[in-house]
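In what follows, a single structure is set out as structure tokens and then discussed.
The values are calculated or read from the model by the stated rules, or taken from the named source; none is laboratory data. All values reported here derive from a predicted model rather than from experimental measurement. Cβ coordinates were reconstructed from backbone atoms using ideal geometry, including for glycine residues, and neighbour counts include every protein chain displayed. The protein model used for the area step is the full one, side chains on, heavy atoms only, and it has no ligands, DNA or RNA in it. Shrake-Rupley method; radii C 1.70, N 1.55, O 1.52, S 1.80 Å.
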Protein chains: 2
Amino acid sequence: MAKELSPLDLEGIDGYWRAANYLSLGMLYLRENPLLREPLAPSHIKRRLLGHWGSDPGQSFIWVHLNRLIHEQNLNMMYISGPGHGAPASLANAYLEGTYSEVYPDRGQDIEGLRQFFRKFSSPGGVGSHCTPELPGSINEGGELGYSLSHAFGAAFDHPDLIVTAVVGDGEAETGPLATSWHSNKFLNPAQDGAVLPILHLNGYKIANPTILSRISPSELKSLFIGYGYSPYVVEGDIPMEMHRTMARTLDRCIREIRSIQRRARDAGDCRRPRWPMIILRTPKGWTAPKTLDGHKIEGFWRAHQVPILDVESNPAHLKILSEWLSSYRPEELFDQNGQLFQKFRDLAPKGNKRMSANPLANGGLLRKPLRLPDYRNYQATFSKPGTKYLGNTTVLGEFFRDVFRENPDNFRLMGPDETASNRLNAVYEASQKAWMADILPEDADGSELSKNGHVMEMLSEHTLEGWLEGYLLTGRHGFFNTYEAFAHIIDSMVNQHAKWLEKCKTEVPWRAPISSLNILLSSTVWRQDHNGFTHEDPGFIDVISNKSPYVTRVYLPPDANCLLSVADHCLKSTDYINVIVADKQPHLQFLDMDSAVRHCAKGVGLWEWASNDTGSVPDVVMASAGDVVTIESIAAVAILREHFPDLKIRVVNVVDLFKLLPESEHPHGLSDRDFDSLFTMDKPIIFNFHGYPSLIHKLAYRRKNHGNLHVRGYKEQGGLNTPLQLAIANQIDRFNLAIDVIDRVPRLQCTGAHVKEWLKDQITDHLNYAREEGLDRPEITDWKWPF
Amino acid sequence: MAKELSPLDLEGIDGYWRAANYLSLGMLYLRENPLLREPLAPSHIKRRLLGHWGSDPGQSFIWVHLNRLIHEQNLNMMYISGPGHGAPASLANAYLEGTYSEVYPDRGQDIEGLRQFFRKFSSPGGVGSHCTPELPGSINEGGELGYSLSHAFGAAFDHPDLIVTAVVGDGEAETGPLATSWHSNKFLNPAQDGAVLPILHLNGYKIANPTILSRISPSELKSLFIGYGYSPYVVEGDIPMEMHRTMARTLDRCIREIRSIQRRARDAGDCRRPRWPMIILRTPKGWTAPKTLDGHKIEGFWRAHQVPILDVESNPAHLKILSEWLSSYRPEELFDQNGQLFQKFRDLAPKGNKRMSANPLANGGLLRKPLRLPDYRNYQATFSKPGTKYLGNTTVLGEFFRDVFRENPDNFRLMGPDETASNRLNAVYEASQKAWMADILPEDADGSELSKNGHVMEMLSEHTLEGWLEGYLLTGRHGFFNTYEAFAHIIDSMVNQHAKWLEKCKTEVPWRAPISSLNILLSSTVWRQDHNGFTHEDPGFIDVISNKSPYVTRVYLPPDANCLLSVADHCLKSTDYINVIVADKQPHLQFLDMDSAVRHCAKGVGLWEWASNDTGSVPDVVMASAGDVVTIESIAAVAILREHFPDLKIRVVNVVDLFKLLPESEHPHGLSDRDFDSLFTMDKPIIFNFHGYPSLIHKLAYRRKNHGNLHVRGYKEQGGLNTPLQLAIANQIDRFNLAIDVIDRVPRLQCTGAHVKEWLKDQITDHLNYAREEGLDRPEITDWKWPF
């Protein structure tokens, strides 16, 4: 039960906190004289003052109190720092716990180490003022705000032993992604998952503005969190000793409640959604800073956000204020002669992996176990010959995923914003239902597929799902995100940031072990939006991905079910990538048997001999494609051309792995010029039918020798309510326009092909008329088969 | 005061509601026999059943009740439909009010008109199943969810007379953007702005899942909205007549409260933030549909989301159920012999512009008044010669904006996520402070710049700001969005959708009048992230923009303050575009005096003679640039080259209007090939220093004759904590690497330039060493001036 802190405890906690605050302040200012063993002089000050003080003392306050709890109760706890630029707090604590020096031996536990530690902070080539991958113990980038809480829940899923303390900044709390992520508590099962303890850090201010949540009434604020489903506890004040007592009492109570919720669920089988505790911690922004400077309020105001006193090098009075401020933490009581924290304080920190800065879950690759994967070949689509059978590609994938769930019941989650069934992955429900801790009604038994233990995650928030998945992967798990292609843009920025995280880890943070790749399936794609229309037509997410580092990005466009299986299996085995797979949900023509698909996907790009007729010779034209629907149209165009021009030599090339088109100098998957030239020829026309915006292909392939003959079709923002063929024709990716493209570009067809071209134009008119009249495409379009 | 509805009122309201429901159902199913004057036969059914029933009856229920209020109290009201695919309700009501037939005379108020109205719904070439620009009275696209409430608040700002009813779907309510937009009430001033009446439509289900808010306890739900600062009123049930009474009573009360809040603020000057009313309307999903079908629950379950009975054409029993369902609305009591709604029901709808489907604010271009713009030339930067003075470009822009505020106190808003001061636009506060209805503390007087009447909007939610701005523009106002460049990706998808909206309006909806352009200023750009590092480095937002229709997108990269002024003025005058301006906030070199800047920006791309030395001849190399920082580096490279190789003929070209690089066939701003060739030459090397990802330039310019000689430098995802020069060197956009590029590409320098190249490499090493040591760039870099 709760006991009050003894005076000795209090003194220890306060000392440790002062040490953390001293270090945070030192980081901002000092390049020399790190422990103030000499009177502070201008020469000790950094040449450029960059960094953030505002949330540091509050965050260190939380950290030191969590340390006590971890220590006393042997907790397995992670700390997630939401307030963007509060890294000095996390850095200080990682240093005090020794972790920092273990990871970066040049910043050891002595005066010289401390000096280096200060100097490297927020200076060129050094460490950031927000939490970055270089910071041990962290899984949350502090650069872009809004994801701390979803990361925390993602980390807690399937880690029953873990408590994740998520410190949410009140600035961050204004973002949309954060505002809805409070509802994550409707998806966390106290029996199988760990706990999240959110602490809303009511600092009061952002960069230059008050925060909304700090300027509403206390009763509104409490109502809000009761409404979100929590039991809020308020810790408020600015007198350290009183605050220590209150915080300790409150944290004790929260952990007690968490344990009691878990016991009820685990021992008594009580699976009702609990009211999890959360803390509202209201402390002054820049707590313990000077109250004012030159008549301007500092502590408790936005002026404490960054470096509160800027001209200390040139202004002796301000230097004196800084000196007094640094001294106010009494470093001489905290660090011994060599510059190491006194043993009595060190004893207060948890040890080894119990340190939040060293929790192995924050370096999840260390704990990652590969998935137990069923043989994807068992799910293969079978058919007698290419281009004759229709099948839903994602339907087949769903069956594979179902068995991935069966084999990995607590190590794999599938995310989808209310679209998993719509994307035809519904076979997964046979193995795992949708996580749902909110109320369940009798009618749900008829197909809602809800379960408290489910591992399919569905919430209408792409942000929350992406945040959960990132947290889950970063702590060593596996998963897949499925979403409508157009709305993947909602998480452009999150995925950008995750790519940046992965790239840093791969290239500059050797101690971070590889984590499972972030796998994103884009379905319900641009070409099949019959009744959704223009708003649902946007294949540009892969353009965003193509700007990120080639070391961490992969884009796959499997043309059929067997290729999709092969690609998905590959992605599930891979680490440290962002794999984007584009595959529509509707039934589509199948092309490759399993062996061919495996070979094709392994190469990433290949010549389809069964559809080509240029064997052993130079073709007249290359018909290339990347994507499912566009490949069908391209193949149908080839059939038309072969029927009308039996002598025309056509080479059919299909691209699965989009970055094959880049030169090998630009991407590890890039084809050599020699291979590219031999596949696409040096001088023949290439009619490339592309799933996305055509310019992306040019962006990737402009360096290639035959680029001048590369003619790309793709989505050019021409859409509306259309039948599939109407949409294809509007964007000229349809079989008829492709055939016309060939006639226009192969010199010897320009005379002989004139009548065929007229016929093709008539076909377009006829088919458009039919679709307009009937609201459907003609059966000869929807049921078209490869005729050779 | 509130009076109960009389039986006659009740009957009228219910009849009108039945008419709307009948129409919604007819849209989903009927291609013939629109008023069921013959027994329903399979031939009357549409060939393909596409559309959404789920939220239609609930939304029509709201609409008809609002009609009564508008009528009785002569309200000016807009209706915003949040539930994505609930367009049948809005369509039905626009039709019943006559607006639809006025706008689309082929869908008149008779049987044939009704038949066409039904047929065009959700079929190729027809109208969407979510609200689209083609729908009169709507300003909210229903394709992507999450923005209804921010649109509603945006519409209400500066329209004191207006009440915007925002129907929020409980699916949509799960999105991040929606979840935080409830806090918009902290930014709406009852004295100067209109009111927003949010109605959370607790339908219970999404596509295939229950909604979170429908599965938490009623007390949690109420707490949530009290926490958000509202007074929630619950209207719950499924018995129509009871629901009509409750809804009428509740709406009366809400309007009374709104009026009372407004009176207190406007007459009594009480400017405290009020508790605005909101309604929680809990009705069954698909209300009034059959309870069950083949043993599966329909009404009140997710199975009512789309078309609840799919096989009516082939299944006689189901056809019969549909027939009974249609008949249950008793169309014979509602429509006269010719198919027109009976007069007694028509009398219930508001008239003329009071109809929500005809509110002129929903076609804001009609009401738009051009801004009163001060002469931007008055804010010009002056200097003796190009390349010798440093000035903050956005600082200058801030002064211009300040006077835009002065001239347009109730017609212009500036949005920024806590970054307006950081982006150096703070001069605006002299004219208009930050809107803030939450608590204000005494210390705020010292620089927080808060005011209940402010028109600078700052909330840490890019989504909410973008939604407000869209709503504000769509109702006829003007504005500017300023944000950190990297985090513009947060609103990629919103801007995409707004581009699609504008494109449809421009090309297919002639009755929509042009609205003010969406102006986005990207500042704190990639090249100046000294202490923010890698996470803040992403210039890819303009890549996303470049995929949208050329008819609505513009990207400007003004190289200096005068160009920025000229561009900003141009954007503020323009309509129906998305204008993206990229301009960093730090002090940068100034190049063009005002007259030159105006000429340069009018052309969009131009030869800078003052920096070139190729007068009247063919140059050896073209040094091109687009962007502020990269132009400085390019010009500095030119200076180095001219010093070392006085005979080298260099042409300096600067691009302000990025889409000038596209062929004229692809973009209305595109240069003709002739102009492009004459500027960039047909065969000389072009060293193009670009602000963003280099591939974007290739994507735009790959069709140009001299593309083979186009060598682009730009951001290639190489970043970290860097000095500006370190970052530039890491990405090779710096003066030294550019000079090396020239030496490598101009044949006659390849021998003679060898020693200079060595010297340049040494320069790079020296400067990197200095920056590493000092944490700063050398003064000769930061204070560099054009030497000629």
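Structural remarks
- Among A:Val746, A:Leu310, A:Ser432 - extreme Cα towards positive end, dipole of chain A, charges at beta-carbon: A:Leu310
- Each of A:Thr525, A:Ile139, B:Cys563 was scored by the projection of its Cα onto the charge dipole of the protein assembly as shown, and the greatest displacement toward the positive side belongs to A:Ile139; charges sit on the C-beta of Lys, Arg, Asp and Glu.
- Hz values of 3J(HN,Hα) by residue in region B:418-430 - Karplus curve (6.51, -1.76, 1.60), Gly and Pro given as x: 6, 10, 5, 6, 4, 7, 6, 9, 5, 4, 4, 5, 5
- Positive-end residue, chain A charge dipole about Cα centroid, Cβ charges, pick of A:Trp276, A:Ser596, A:Leu66: A:Leu66
- Anisotropy class of the protein assembly as shown from Cα gyration tensor, a/c 1.5 cut: rounded
- Size of charge dipole - the protein assembly as shown - debye, nearest 20, with Cβ of Lys, Arg +1 and Asp, Glu -1, no other charges: 600
- Take the accessible area of chain A alone and of chain B alone, subtract that of the pair, and you get about 9700 Å² summed over both chains, using a 1.4 Å probe.
- Separation of the B:Ala191 and A:Arg266 label points, Cα + 7 Å toward Cβ, nm: 5.8
- Taking 20 Å as the limit for the C-alpha separation, the pairs B:Lys354/B:Lys573; A:Lys46/B:Lys585; A:Lys684/A:Lys705; A:Lys389/A:Lys684; B:Lys369/B:Lys573 exceed it in the case of B:Lys354/B:Lys573; A:Lys46/B:Lys585; A:Lys389/A:Lys684.
- For A:Leu197, residues with placed amide H under 5 Å, excluding near neighbours: A:Val164, A:Thr165, A:Ala166
- Local electrostatic count at B:His244 - Lys and Arg +1, Asp and Glu -1, tallied over other residues with Cβ under 13 Å: -3
- Nearest-20 debye value, chain A charge dipole, Cβ charges on Lys, Arg, Asp, Glu: 1560
- The residues packed around A:Met437, meaning those with a beta-carbon under 10 Å from its beta-carbon, carry a net charge of +3 if Lys and Arg are +1 and Asp and Glu are -1.
- Between B:Arg346 and A:Trp511, the modelled label-to-label distance comes to 7.9 nm, taking each label 7 Å out from Cα in the direction of the beta carbon.
- Euclidean distance of C-alpha centroids, region B:550-565 and region B:766-783, integer Å: 31
- Backbone geometry of region A:180-188 corresponds, through the Karplus equation with coefficients 6.51, -1.76 and 1.60 at θ = phi - 60°, to 3J(HN,Hα) couplings of 8, 6, 4, 6, 4, 5, 7, 10, 10 Hz, x marking Gly and Pro.
- Label-point separation in nm, B:Thr292 to B:Arg703, each point 7 Å along Cα→Cβ: 6.2
- Shielding of A:480-488 by partner chains, average beta-carbon count, 10 Å: 2
- Exceedance of the 18 Å cut-off in Cα-Cα distance is limited, within the set A:Lys222/A:Lys297; A:Lys186/A:Lys434; A:Lys285/B:Lys434, to A:Lys222/A:Lys297; A:Lys285/B:Lys434.
- Computed from point charges on the beta carbon alone (+1 for Lys and Arg, -1 for Asp and Glu), the dipole magnitude for region A:144-199 about its Cα centre is near 160 Debye.
- Taken residue by residue and averaged, Cβ atoms of other chains lying within 10 Å of the Cβ of B:533-542 number 6.
- Label 7 Å beyond Cα on the Cβ vector: A:Ser260 copy-to-copy distances, nm: 4.0
- Cα gyration tensor shape for region A:412-507, rounded if a/c is under 1.5, else prolate or oblate: prolate
- B:Thr292 long-range amide H proximity, modeled H, under 5 Å: B:Ile298, B:Glu299
- Contour excess over end-to-end distance, with Cα ends at B:Val618 and B:Asp238 and 0.36 nm allotted per residue: 128.8 nm
- Most to least packed among A:389-398, A:550-559 [average Cβ atoms within 10 Å]: A:550-559, A:389-398
- Gyration tensor (alpha-carbon) shape descriptor, region A:607-782, a/c threshold 1.5: oblate
- Taking the label point 7 Å along Cα→Cβ, A:Asp161 and its counterparts in the other copies are spaced 6.9 nm apart, in ascending order.
- Distance from region A:21-95 to region A:226-269 (C-alpha centre basis), Å: 25
- FRET efficiency, 1/(1 + (r/R0)^6) with R0 22 Å, evaluated for A:Thr765 and A:Glu609 via beta carbons: 0.05
- For B:Gly533, the shell of other residues with beta-carbons less than 11 Å away shows a net charge of -2, using +1 for Lys and Arg and -1 for Asp and Glu.
- In order along region B:469-476, the Karplus-derived 3J(HN,Hα) couplings, from 6.51 cos²θ - 1.76 cosθ + 1.60 at θ = phi - 60°, round to 5, 4, x, 5, 5, 5, 9, x Hz, and Gly and Pro are given as x.
- Rounded Å value of the spacing that divides the Cα centres of region B:341-408 and region A:122-148: 39
- At the residue level, B:Val127 shows approximately 20 square angstrom of accessible surface with a 1.4 angstrom probe and all protein chains present.
- Cβ-derived FRET efficiency at R0 30 Å, A:Arg599 paired with A:Arg372, nearest 0.05: 0.75
- Calculated label separations, B:Arg778, copies of the chain, 7 Å along the beta-carbon direction, nm: 7.3
- Peptide ranges A:274-286, B:611-623 listed from the most packed, as the mean C-beta count within 10 angstrom indicates: A:274-286, B:611-623
- Accessible-area value, A:Arg377, 1.4 Å probe, nucleic acids and ligands omitted, Å²: 80
- Averaged over A:714-723, number of beta-carbon atoms from partner chains that fall within 10 Å: 5
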